[in-house]
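Below you'll find the structure, written out as structure tokens, and then a few comments.
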Amino acid sequence: MSQALQAPRVGTRQEPAAAGPGLRDVLHAEWTKLRSAPGALWLLLAAIGLTVALSAAAAAAARCPAAGCGQDPARISLTGVYLGQAVVAVVAVLVVSGEYSTGMIRTTLAAMPRRLTVLGAKAVVVTGLVLPAGTIAVLGSLLAGRLILPGHGFTAVHGFGALSLGDGPVLRATVGSVLYLALIALLSLGIATVVRDSAPAIGLVLGLLYLFPIVAALVTDKNVQRHLLQAAPMTAGLDIQATTGLHNLPLSPWAGLGVLAAWTAGALLAGGLLLRLRDA
Amino acid sequence: MTAGTATPNRPETRPGHGSEPAGRDSFGHVLWAEWTKFRTVRGWVIGMVVAGLLTVLVGYLSAAGSQTGCGAGPCHFYVPVGPGGEAVTDSFYFVHRPLAGNGSITVRMTSLTGKLPSASGGRVQAGHGAQSSLHPGLEPWSKAGIIIKASTRQGSAYAAVLASGDNGVRMQYDYTGDIAGPPGRPSAASPRWLRLTRSGDTIAGYESADGTHWIRIGTATLAGLPATVQAGLFATSPAHSVTTSKGLAGSSATGGPTLATGVFDHLGLRGAWPAGGWRGDVIGGGGPSNPYPVQGGGYHQSGGAFTVTGSGDIAPDMDWGAGPGRSIQFALVGTFFGLIAVVVVGAMYITAEYRRGLIRTTLAASPRRGRILAAKAIVIAAAAFVAGLVAAIVAIPLATRISRDNGNYIYPVNALTEVRLVAGTAAVLAVAAVLAMAVGAALRRSAIAVTFVIVVIVLPYLIAVTNLLPLSGDQWLLRLAPVAGFSIQQAIPNYPQVSNVCSPAGGCYPLPPWAGFVVLCAWAAAALALAVVLLRRRDA
């Protein structure tokens with residue numbers, strides 16, 4: 001194979017005692033790269049702002065005219081995740097693609113020859129950023145829903161209490177939405193490692209997320225529709241947001257999140273494999 | 001500034017400019033240079049081919065996955081076709097006798113009442129119209145009045161003057177024609193006089209409050225109307241439907257058949273009416289948009305007064321996904337997939353220049369920066385247009401055929417509409433590519449540009465078809481966001497005289513086709529203008 005693959009291997013042999021940089025060093029390096037590039041922080045702020053904004057808009061548009069209106073207030077309040085996930089995906093894609101576009105990846109791999117460790121460190125750093133940002137975004141959305149929805153018919157009279165984290169299903173939807181965003185980030189990281197170029201990578205991620213449900217909505221065969229909704233990473237993953245009508249869901253909430261986790265694992269696996277096999 | 005290494009795309013025309021100084025900066029040269037850049041990057045050309053393939057493939061798969069179950073075998077529908085070639089609903093109760101030549105019919109209408117399914121009666125399943133749970137009420141487009149019709153065959157030409165539930169007196173003809181008359185519903189206190197006059201192929205409709213002072217509502221020319229036509233009284237009332245959102249799983253419609261009853265007296269006939277009596281007939285039956293059994297109807301004559309009751313509708317047939325009928329626009333659902341590929345290429349077409357530093361060479365060679373963006377816009381739009389055109393030409397017949405084989409009823413459209421769908425699909429992809437390129441030029445970051453364009457086109461559509469927002473919210477999104485451009489793919493027009501809900505999942509857009517396309521173009525133009533301003537101001 002070519003030099004790009006060989007060079008780091010040679011480097012490790014020269015210092016057998018140190019055995020290359022440790023996991024902490026790799027993590028620290030990845031954190032420094034992310035923190036010192038201004039884009040990621042702004043993007044995460046944008047993700048929080050857009051998530052809360054769309055959630056508030058959805059809550060403001062929702063109406064529950066009478067008891068038994070069949071609405072799910074938690075799900076309405078968390079609508080912003082549809083938009084926020086796109087920005088989270090951009091952050092994750094750029095963590096990998098940014099290095100390929102500048103050629104930085106060759107420096108990175110020369111310094112840290114264990115490529116899977118590099119990918120693992122990137123995954124840890126991205127997760128570490130998305131979890132707190134996602135938590136703020138999701139809690140902000142929930143707060144917006146809690147403030148807005150009672151004014152639109154979601155009252156005790158119609159059978160809805162105020163949204164509260166003390167409520168088991170609401171807590172599941174909240175924690176699940178944060179985990180969902182983290183899984184989307186990792187899925188994007190895996191896909192970006194496979195595709196490398198940022199534009200096709202984000203196109204692929206967003207296509208995977210947004211296009212499945214469109215086809216599912218337009219297909220008339222109910223069986224095909226159900227299978228599409230079960231298999232699609234976004235619709236399956238967002239089953240976790242449901243707090244009412246669980247028996248109508250294509251999958252149970254945690255099973256749905258599991259489907260997304262499987263997609264994520266697959267993408268990371270493919271990314272890791274190709275990262276090891278290909279020249280940078 | 002090492003433009004040599006990874007960029008195979010140095011414009012070939014540049015070296016020549018020394019020998020021909022006059023033409024060195026002409027727009028033609030810039031255009032040629034940009035075209036060379038596009039065609040020599042393999043990934044971009046492949047991207048456009050992928051866009052076309054995805055459009056066709058997804059259209060095919062979605063048609064293959066749309067089997068309509070009607071018991072064991074495929075469904076067979078008889079859907080009448082109107083004089084204009086469109087699918088129509090033509091079911092009503094008709095009290096008629098022949099009119100052999102010119103003549104007129106005049107009547108006084110003293111009442112329009114009806115029956116609706118009970119709101120609390122729960123869902124009325126298709127095929128189980130629960131007559132017992134009906135309560136008094138009218139649909140907005142319940143109607144009764146007088147009609148002159150070429151024959152009792154469904155889909156034949158007609159003209160009618162009628163009173164409606166909520167839309168006043170109207171003159172309607174040939175299913176799509178609708179002219180508003182005075183508002184209000186007839187009652188004993190304020191009866192309505194209606195008149196139709198036939199003269200050859202021309203039928204004029206009149207209305208009067210007192211039977212003395214008449215105003216003409218309108219005239220209709222029914223080409224090829226036979227000498228002997230059927231004329232008389234009619235009543236009909238469309239199905240009642242309530243759509244309930246079920247989130248990502250789509251929506252479910254509940255409702256049921258309705259009835260309308262008109263009471264008439266002072267019936268006056270003039271002209272060539274052969275001797276004989278009145279005859280009552282149920283015209284038509286259910287159709288894709290009317291899954292409920294026809295309620296029949298009937299008439300009752302006592303002295304000079306007629307009471308006519310009917311169910312159904314006389315209108316263009318469109319169900320927006322409520323029934324098994326499919327519009328050919330669903331063959332083009334893959335456009336959203338193709339769009340993502342086109343947007344990726346469009347954004348990279350400019351951001352790759354920044355990444356490689358080629359932009360400095362480009363700007364040095366052609367200092368008039370606005371022209372470069374114009375040339376890029378033309379090249380990328382042309383490439384996307386061709387990809388979309390080929391894809392749509394293949395996808396429509398392919399997916400339509402599969403869909404029909406699967407037992408779906410495909411609404412007929414005329415050739416002009418088909419041309420609009422094909423050219424419109426190509427044009428939407430072309431303008432979306434320009435939008436992506438312009439946003440890419442403004443942001444210089446392809447990932448963010450691609451995300452932006454996908455989020456303003458695909459996400460609003462996703463939100464609209466999955467009922468995340470109430471219908472009014474969906475419709476505002478489809479009016480304002482660039483996804484409005486997809487209205488150009490709407491095959492069946494949205495007639496106001498049909499009360500079906502304009503549901504996005506059924507393929508209905510709130511804006512007319514060309515207005516929607518203009519919205520998309522406005523977004524692209526605004527982005528392009530911003531990109532030109534920024535490119536002029538900023539250092540490359």
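Loop-located trypsin sites (Lys or Arg not before Pro) across the stretch A:68-161 with a Cβ neighbour count of 14 or fewer within 10 Å are lacking, with loop assigned by DSSP.
In chain A, the convex hull through the Cα atoms has an average projected area of 16.3 nm², a quarter of its surface area. With a cut-off of 15 Å between beta carbons, the residues surrounding residue B:154 carry a summed charge of -4, where Lys and Arg count +1 and Asp and Glu -1.
With the Kirkwood sum run over all distinct C-alpha pairs, the protein assembly as shown has a hydrodynamic radius of 29.8 Å. Computed about the Cα centre, the dipole magnitude for the protein assembly as shown is approximately 1980 debye when only Lys and Arg (+1) and Asp and Glu (-1) carry charge, each at its Cβ. Of the chymotrypsin sites (Phe, Trp or Tyr not before Pro) found in the stretch B:458-540, not one falls in a DSSP loop while having at most 15 other beta-carbon atoms within 10 Å. Per-residue Karplus couplings for the stretch B:391-401, computed as 6.51 cos²θ - 1.76 cosθ + 1.60 with θ equal to phi - 60°, are listed in order as 4, 5, 4, 7, 5, 4, x, 5, 5, 4, 5 Hz, Gly and Pro entered as x. Spacing of the modelled spin labels on residue B:423 and residue B:368, each 7 Å from Cα toward Cβ, amounts to 3.0 nm.
Within the stretch A:118-261, the proportion of Cα pairs with more than 20 Å between them is 57 percent. Using the Cβ-Cβ distance between residue B:386 and residue A:104 with R0 set to 51 Å, the FRET efficiency works out to roughly 0.85. Among the residues of B:462-472, the average count of other protein chain beta-carbon atoms within 10 Å of the residue beta-carbon is 5.
Phi-derived couplings, Karplus 6.51 cos²θ - 1.76 cosθ + 1.60 at θ = phi - 60°, listed residue by residue for the stretch A:188-193: 5, 4, x, 5, 5, 5 Hz, with x used for Gly and Pro. Each of B:259, B:104, A:242 was placed along the dipole of the protein assembly as shown (beta-carbon charges, centred on the mean Cα), and the one lying farthest toward the positive end is A:242.
Taking the charge dipole of the protein assembly as shown about its Cα centre, with +1 at Lys and Arg Cβ atoms and -1 at Asp and Glu Cβ atoms, the residue from A:42, B:299, B:239 reaching farthest to the positive side is A:42.
Counting Lys and Arg as +1 and Asp and Glu as -1 over every other residue whose Cβ lies under 14 Å from the Cβ of residue B:529, the net charge comes to +3.
Scanning residues 5 or more positions from residue B:142 or on other chains, those with amide H under 5 Å from its amide H are B:165, B:166, with H placed 1.01 Å from N in the peptide plane.
Just name one of A:188, A:138, A:76: the one whose Cα is farthest towards the positive end of the charge dipole of chain A (beta-carbon charges, Lys/Arg +1, Asp/Glu -1). Value: A:188. With a sphere of radius 13 Å drawn around the Cβ of residue B:101, what net charge do the other residues whose Cβ falls strictly inside it have (Lys, Arg +1; Asp, Glu -1)? Charge balance in the 13 Å sphere: +1. Residue-wise HN-Hα couplings along the stretch A:218-233, as the Karplus relation 6.51 cos²θ - 1.76 cosθ + 1.60 with θ = phi - 60° gives them from phi, are 9, 7, 8, 6, 5, 5, 4, 4, 5, 5, 4, 5, 6, 8, 6, x Hz; Gly and Pro carry x.
Among B:332, B:61, sorting on how many other beta-carbon atoms sit within 10 Å of each Cβ, with the fewest leading, yields B:61, B:332. Residues A:126, B:419, B:81 in ascending order of nearby Cβ atoms (within 10 Å, fewest first): B:419, B:81, A:126. Compared with the alpha-carbon gap, the fully stretched path from residue B:272 to residue B:526 is longer by 85.1 nm at 0.36 nm per residue.
Throughout, read-outs are computed from the coordinates displayed, never taken from laboratory work. Note that the structure is a prediction, hence the values are computed from the model and not measured. Backbone-built Cβ (ideal geometry, glycine too); neighbour counts: all protein chains shown.
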